[in-house]
Amino acid sequence: MGVSVTSSFAVIVVGSLLAFGVFYSASANSFERVRAASDGQNERFDRLQETSITVTAANVIDTTPCTVRVNVTNEGQTTLTIDDTDVLVDGVYRTGWQSETTVEGEENTSDWFPTERLSLNVTADGTPERVKIVSGPGVAATKPVTGGSVC
């Protein structure tokens, strides 16, 4: 064996080590990303399973403009955020209601803990028939509007 065979072997070994190093780091990064995504999905699923809300009342309280007071109880184990909660009246997304909320009588809070009741006032177009509340994790509850008043 001459120098050329030894040199060729050394070049092949060094090239193989470099290729393995590149392959290993790329596959390790990909595996970590898949694992992190799977963990995140499991956390979201757990949060969804631990969330439960019930609309306990939806009443017309004023006719000019038509205002509905909605009471919602957090019956799950998850702390919810008022800013992540959505309100639909007759299937129409409503905004601006966050300034007229109370949680167990307290006005200056953004968190809605388990067993607490959220009260909110939302304006509607016409005479509303139903209200739907959607929590941050995606759990929803619907209630027909009562009150007898025609807006």
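The values are calculated or read from the model by the stated rules, or taken from the named source; none is laboratory data. Note that this is a predicted model, so its numbers are computed, not measured. All Cβ positions, glycine included, derive from the backbone under ideal geometry; neighbour counts span all protein chains shown. Protein only, heavy atoms only, side chains kept; ligands, DNA and RNA dropped before computing areas. Shrake-Rupley method; radii C 1.70, N 1.55, O 1.52, S 1.80 Å.
Any residue in the range 93-111 that is modelled with pLDDT of 90 or more, aliphatic (A, V, I, L, M) and within 23 Å of Arg44 (Cα to Cα)?
Checking the range 93-111: not a single residue is modelled with pLDDT of 90 or more, aliphatic (A, V, I, L, M) and within 23 Å of Arg44 (Cα to Cα).
Tell me which residues, restricted to the range 118-137, are open to solvent by 40 Å² or more (accessible area, probe 1.4 Å) and more than 19 Å from the chain's Cα centre (by Cα).
Across the range 118-137, the qualifying residues are Thr123, Asp125, Gly126, Thr127, Glu129, Arg130.
Residue check, Asp62 against (1) in contact (Cβ under 8 Å) with a residue 12 or more places away in the chain; (2) surrounded by fewer than 16 Cβ atoms within 10 Å (Cβ to Cβ), all met but one. Which one?
Only one criterion is unmet by Asp62, namely (1).
Consider the range 49-79. How many of its residues are within 19 Å of the chain's Cα centre (by Cα) and either among the polar types (S, T, N, Q) or under 14 Å from Ala141 (Cα atoms) (or both)?
14
Give the range 35-82 a look and list any residue that's aliphatic (A, V, I, L, M) and within 30 Å of Thr127 (Cβ to Cβ), or say none.
The answer is Ile53, Val55, Ala57, Ala58, Val60, Ile61, Val68, Val70, Val72, Leu80, Ile82.
Go through (1) part of a strand (DSSP E or B); (2) at pLDDT below 95 for Arg44 and report which single condition fails.
Failing condition for Arg44: (1).
Just one of Val70, Val55, Val89, Val103 is out of contact with any Gly (no Cβ under 8 Å at 6 or more places or on another chain), crowded, with 18+ Cβ neighbours inside 10 Å and more than 25 Å from Cys151 (Cβ to Cβ); which is it?
Sole residue among the options that is out of contact with any Gly (no Cβ under 8 Å at 6 or more places or on another chain), crowded, with 18+ Cβ neighbours inside 10 Å and more than 25 Å from Cys151 (Cβ to Cβ): Val103.
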